[in-house]
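The values are calculated or read from the model by the stated rules, or taken from the named source; none is laboratory data. Note that this is a predicted model, so its numbers are computed, not measured. Please note: Cβ atoms are built from the backbone with ideal geometry, for glycine as well, and neighbour counts cover all protein chains shown. Heads up: the accessible areas ignore ligands, DNA and RNA and are worked out on the full protein's heavy atoms, side chains in. Shrake-Rupley method; radii C 1.70, N 1.55, O 1.52, S 1.80 Å.
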Amino acid sequence: MSLVVVGGHSRNIGKTSVAAGLIAALPHYNWTAMKITQHGHGICSAVGEPCDCAVEYDHPYAISEESAPGGSDSARFLAAGARRSFWLRTAVGQLGNAAAVIREIVESSENTMIESNSVLQFWRPDLYLVVVDFETRDFKDSALRYLDRADCLIPVGQGEPQWRGVARRLWESTRRCPASPPMYVSSELSQFVEAELQRGARKALC
């Protein structure tokens, strides 16, 4: 039973494409997939819109299981070959309320792929892969907080990083497996993930 987490430092840089690509490249792991979305303050997790409910108490999180492949991010995981796929929505800072349901899903799955940074608050995954775009200056606090735990960076942009406030030591020596659209997942990346998961499985048997 392995847990792979795919994170990234900003929005719309290919995190879902990388996760879906790995699911398709390694179908024998019988993946369960999950996308975690954290809404801003005042946004209801249940409806994804501003509402008058007490967000932290009435709807601290909402989770749905995809039933068919489609265009949404979590439905793309099914299209890529995942056995099950979930979309978890929660208010910023409220992910802990969903920890029990995440644990239940992970423990009942053969192998799990989660698209998130913040889940590292509660789990140390077997692999943490971080998608980075050197040309995108935005750097989320959640990504910066766990950057030193990355097992592999997946650069999707060219040139030198345009980030501010990100120490070079946090990323410079980390292994890199570059990616580019539309495939995103190179043979180098899929082979790295396979090798690391196999290594972890052998350790578990010792």
Query raised in the report: Hey, among VAL92, VAL119, VAL131, VAL166, which residue is more than 16 Å from ASN12 (Cα to Cα) and modelled with pLDDT of 95 or more?
Result: VAL119
Query - region 22-61, subset within 20 Å of GLU104 (Cα to Cα), open to solvent by less than 60 Å² (accessible area, probe 1.4 Å) and part of a strand (DSSP E or B), residue modelled with the lowest pLDDT - result: THR37
Query raised in the report: Of all residues in region 85-118, which are within 18 Å of TYR146 (Cα to Cα), of a type outside the set (Gly, Ala, Ser) and loosely packed, with under 15 Cβ neighbours inside 10 Å?
Result: VAL92
**Report entry** Number of the condition not met by VAL4 [criteria: (1) more than 21 Å from ARG103 (Cα to Cα); (2) in contact with a Leu (Cβ under 6 Å, 6 or more places away or on another chain); (3) modelled with pLDDT of 95 or more]
**Finding:** (1)
Query raised in the report: Quick one: would you say GLU172 is in contact (Cβ under 8 Å) with a residue 12 or more places away in the chain, outside any helix (DSSP H, G or I), exposed (fewer than 13 other Cβ atoms within 10 Å of the Cβ) and of a type in the set (Asp, Glu)?
Result: no
Query raised in the report: Could you count how many residues in region 119-142 are surrounded by 21 or more Cβ atoms within 10 Å (Cβ to Cβ) and assigned to a helix (DSSP H, G or I)?
Result: 1
Query raised in the report: Does any residue in region 71-84 that is open to solvent by less than 70 Å² (accessible area, probe 1.4 Å) come within less than 6 Å, Cβ to Cβ, of a residue that is in a loop (DSSP other than H, G, I, E, B) and of a type in the set (Phe, Trp, Tyr) six or more places away or on a different chain, and which pairs are these?
Result: none
